[in-house]
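Okay, structure first, notes after.
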Amino acid sequence: MSHASNTYEPRLQTSRERMRLSQIRKSFDAGVKQIEESKDVPVTFFVACVDYIKASMDRLHDQDQRIHDFLIPHVTNGDEHTDILENLNMRLARSRDALEDLVKASAVYESSSDDGWAAFKTAVSAFMEVYFKILLSAQHSTLTLQEEVFDESTWDKVAGVTPESLATEEKLYSKVKGLAPAGADPASFIGGPPAPGAGPPGQKS
């Protein structure tokens with residue numbers, strides 16, 4: 001599996017991925033609001049959103065786990081960063097559990113349609129709570145140490161960008177776009193937040 005770092009700056013590509021995840025999340029939210037307004041939104045749209053979120057969050061979890069593992073040798077037991085890294089591990093575990101619950105609820109909703117909406121919406125709310133209040137704050141807590149000790153080769157390993165990962169992301173994103181109802185096109189939303197240590201998203205020229 002070859003890396004794509006000769007084409008993309010690893011941190012910029014990671015930032016782009018997280019920007020597009022934010023766009024999908026906002027597209028998803030727009031679809032939920034339309035359902036609550038008694039509008040017809042296809043189940044396939046929500047399933048496609050969850051498929052994207054699952055793939056993107058799996059990569060995000062792996063990236064954050066590598067950040068944790070690469071930082072460990074630079075931390076002395078008992079200093080302030082020890083607790084920060086232990087906290088990051090805990091938050092990653094909770095995020096993975098919430099993602100698993102979301103995927104399960106999506107499968108139930110897909111098979112039962114309207115009958116599964118309430119449980120699906122509950123799982124969505126629980127996942128978003130974990131994502132915003134638990135995982136994102138953990139990412140930000142290690143930024144200073146990352147900038148102190150990571151070089152570009154480390155960032156390349158953290159990003160884990162490959163031709164396969166790029167192709168999968170593009171396929172899943174395009175599927176959401178194709179199924180999105182009016183007013184929920186992910187490309188119409190501003191994305192964010194940036195990846196740890198990254199500047200604005202973009203492709204290396």
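Residues checked against (1) under 23 Å from Ser174 (Cα atoms); (2) polar (S, T, N, Q):
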residue	(1), (2)
Ile35	yes, no
Ser38	no, yes
Asp51	yes, no
Asp58	yes, no
His74	no, no
Arg91	no, no
Arg94	no, no
Val103	yes, no
Ser106	yes, yes
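Just to verify a result, which residue in the range 60-89, among those that are touching a helix residue (DSSP H, G or I) at 6+ places or on another chain (Cβ under 8 Å) and closer than 27 Å to Cys49 by Cβ, is surrounded by the most Cβ atoms within 10 Å (Cβ to Cβ)? It comes out as Ile67. Take the conditions (1) within 22 Å of the chain's Cα centre (by Cα); (2) free of Cβ contacts under 8 Å to residues at least 60 places away in the same chain; (3) more than 15 Å from Phe28 (Cα to Cα); Lys177 misses just one of them, which is (3). Only helices (runs of 4 or more DSSP H) whose full extent lies in the range 132-205 are considered here, and the ones with at least 2 residues that are at pLDDT 90 or above are 152-159, 163-179.
So, of the residues in the range 20-39 that are without any contact (Cβ under 8 Å) to a residue 24 or more places away in the chain and either in contact with an Asp or Glu (Cβ under 6 Å, 6 or more places away or on another chain) or not basic (Lys, Arg) (or both), which turns out to be nearest to Ser95 (Cα to Cα)? Going through the qualifying residues, I end up with Asp29. Of all the numbered requirements in (1) surrounded by 13 or more Cβ atoms within 10 Å (Cβ to Cβ); (2) over 21 Å from Gln23 (Cα atoms), Asp151 misses one, and that requirement is (1).
The values are calculated or read from the model by the stated rules, or taken from the named source; none is laboratory data. In this text, all values refer to a predicted model and were calculated from it rather than measured experimentally. For neighbour counting, all protein chains shown are included, and Cβ atoms are generated from backbone atoms with ideal geometry for every residue, glycine included.
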